[in-house]
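Only one structure is covered here, and it is reproduced in the block below.
Each reported figure results from applying straightforward, stated rules to the coordinates on display, with no laboratory input. Quick caveat, the model's predicted, so the values are computed rather than measured. FYI the Cβ positions are ideal-geometry reconstructions off the backbone, even for glycines, and counts take in every protein chain you see.
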Amino acid sequence: MARIEGVNLPSKKRIEIGLTYIFGIGRSRSNKILEKAKIDKNKKVEELTSKETDKIKKIVEEYKTEGALKREVAANIKRLKDIKCYRGSRHKRNLPARGQQTQTNSRTVRGNARRTLATGKRSGPKTP
């Protein structure tokens, strides 16, 4: 099992997919890293030699990943909130910040609770 940037890569997966377990590395960046390191992207993580792992580690260090990237994203959101821009206010109220409609969608951001309205009829005690 390879450990890069403090993340254990899954040993049964291809290295192209395994690298995406690192925050800040997606499929395209993963392919660029492997191209630079001259490693076959279809190779499994468990088949990597220590030299190949070291090559990948060295290349990944050039990019901002994991903790540093998470701190930067959090700082950007905090800045938006501090300057009280529209996007910042959406983040503050925990609503979608990118223009999505919210009347019927955005269940994941607003919470999955659906508040159904009453029909207007009062249900009294039932008589047999």
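Summary of values
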{"read-out": "Greater than 24 Å apart at Cα, pairs in LYS64/LYS92; LYS38/LYS58; LYS64/LYS84", "value": "LYS64/LYS92; LYS64/LYS84"}
{"read-out": "The stretch 3-60: C-alpha gyration tensor shape, a/c 1.5 cut-off, then a/b vs b/c", "value": "rounded"}
{"read-out": "Spin-label model distance (nm) - ARG107 vs ARG93, 7 Å beyond Cα toward Cβ", "value": "2.2"}
{"read-out": "Separation between Cα centres of the stretch 1-46 and the stretch 49-97, rounded to whole Å", "value": "19"}
{"read-out": "Cα long-axis angle, helix 66-82 against the chain (0 to 90 degrees, to the nearest 10)", "value": "40"}
{"read-out": "√(5λ) per eigenvalue of the Cα gyration tensor, the chain, largest first, Å", "value": "47, 23, 12"}
